[in-house]
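Enquirer: Encoded as structure tokens, here's the structure I'll be asking about.
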Amino acid sequence: SYLKLPHMGIEAAQLGVNKFNQWEKLYLAGIPVPPTKLVNPETNRSEILDYDIVKPVDSRGARGVLAFDSLSFRQHCVEALSHSNLKTVIAQQWINGRQFSTESIICNGEALFTAIAERNYSRLTQFYPYVIEDGSDSPAELSSYEFSQVVRVIEQSCIALKWTNLTVKGDLILDENGVVYVVELAPR
């Protein structure tokens, strides 16, 4: 803005660095997203029964992303907090399905190009409680309909976030019912 160069704007950029604010914007726009809530180590166990993952709102990659159960929640929440500059964490429900990492070029709200890799989480029990991807297959094997659904959800999400001209990284899940969930997106 200072240099008068094209940019996405401060508000739109902020939605790329706070996972809860991004989740809320997508949820309100009707985009399928995993159930998510703000939590802290003192959150009552009864409030997190349907949740499986805790993560910092402002970290990148797998840093601070941990699976939990009712006995380990407090400890794992504290660890996730240690990875957050904002000292804020969220709990999310794990969605079963095929997990994808995407890269898209968005021009005037339309995805001109999307690459999709299928993420591999086959060693989750070995890495527990850490949620770490241990590889991927690229390109992902999708039917043309599945591919179009992934692209459609990315485009709808970018419109909801007011991201009209950028490249965007996506973490998405295709569940067994064919619903494409957005876990999170990152503007580039």
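The values are calculated or read from the model by the stated rules, or taken from the named source; none is laboratory data. If you're wondering where the values come from, they're calculated on a predicted model, not measured in any experiment. A quick note on method: Cβ atoms are made from the backbone with ideal geometry, for glycine too, and the neighbour counts reach across all protein chains shown. Calculation scope for accessible area: heavy atoms of the full protein, side chains included, ligands and nucleic acids excluded. Shrake-Rupley method; radii C 1.70, N 1.55, O 1.52, S 1.80 Å.
Enquirer: Among the residues of the range 103-150, write down those that are closer than 30 Å to D69 by Cβ, open to solvent by 50 Å² or more (accessible area, probe 1.4 Å) and in contact with a helix residue (DSSP H, G or I) (Cβ under 9 Å, 6 or more places away or on another chain).
Expert: Scanning the range 103-150 gives Y130, I132.
Enquirer: Do any helices (runs of 4 or more DSSP H) lying entirely in the range 67-165 carry at least 3 residues that are touching a residue at least 24 places away in the same chain (Cβ under 8 Å), and which ones are they? Step through it out loud before you land on a result.
Expert: Details: elements: 73-81, 124-127, 144-160.
Of the helices (runs of 4 or more DSSP H) lying wholly inside the range 67-165, those with at least 3 residues that are touching a residue at least 24 places away in the same chain (Cβ under 8 Å) span 73-81, 144-160.
Enquirer: Residues to consider are L86, L112; find the one that is out of contact with any Lys or Arg (no Cβ under 6 Å at 6 or more places or on another chain) and over 17 Å from K19 (Cβ atoms). Steps first, answer last, please.
Expert: On the way: L86 fails: over 17 Å from K19 (Cβ atoms).
None of the other options fit; the residue is L112.
Enquirer: If you take the residues of the range 64-84 that are open to solvent by 60 Å² or more (accessible area, probe 1.4 Å) and of a type outside the set (D, E), which of them is farthest from P187 (Cα to Cα)?
Expert: Of all residues in the range 64-84, those open to solvent by 60 Å² or more (accessible area, probe 1.4 Å) come to 69, 71, 74-75, 78, 82-83.
Remaining after also requiring of a type outside the set (D, E): 71, 74-75, 78, 82-83.
Values: L71: 36, R74: 31, Q75: 31, V78: 28, S82: 24, H83: 20 Å.
Filtering the range 64-84 for residues that are open to solvent by 60 Å² or more (accessible area, probe 1.4 Å) and of a type outside the set (D, E), the one farthest from P187 (Cα to Cα) comes out as L71.
Enquirer: Out of the residues in the range 1-54 that are hydroxyl-bearing (S, T, Y), in a loop (DSSP other than H, G, I, E, B) and surrounded by fewer than 12 Cβ atoms within 10 Å (Cβ to Cβ), which is modelled with the highest pLDDT? If you could, list the steps in order and put the result at the bottom.
Expert: Step one: of the range 1-54, the residues hydroxyl-bearing (S, T, Y) are 1-2, 27, 36, 43, 46, 51.
Those left that are additionally in a loop (DSSP other than H, G, I, E, B): 1-2, 43, 51.
Cutting the leftovers down to surrounded by fewer than 12 Cβ atoms within 10 Å (Cβ to Cβ) gives us 1-2.
On the way: S1: 78, Y2: 85.
Result: Y2.
Enquirer: Find the residue count for the range 151-179, including only residues that are surrounded by 15 or more Cβ atoms within 10 Å (Cβ to Cβ) and acidic (D, E).
Expert: Summing the residues that are surrounded by 15 or more Cβ atoms within 10 Å (Cβ to Cβ) and acidic (D, E) in the range 151-179 gives 2.
Enquirer: Let me ask something else. Only one residue in G97, G61 is surrounded by fewer than 17 Cβ atoms within 10 Å (Cβ to Cβ) and under 20 Å from E146 (Cβ atoms), so which one is that? Steps first, answer last, please.
Expert: Values: G61 fails: under 20 Å from E146 (Cβ atoms).
So the residue among G97, G61 that is surrounded by fewer than 17 Cβ atoms within 10 Å (Cβ to Cβ) and under 20 Å from E146 (Cβ atoms) is G97.
Enquirer: Could you list, in sequence order, all residues of the range 1-20 that are closer than 17 Å to K169 by Cβ and polar (S, T, N, Q)? Reasoning before the result, please.
Expert: Restricting attention to the range 1-20, the residues satisfying the condition of being closer than 17 Å to K169 by Cβ are 8, 12-19.
Passing the criteria: Q14, N18.
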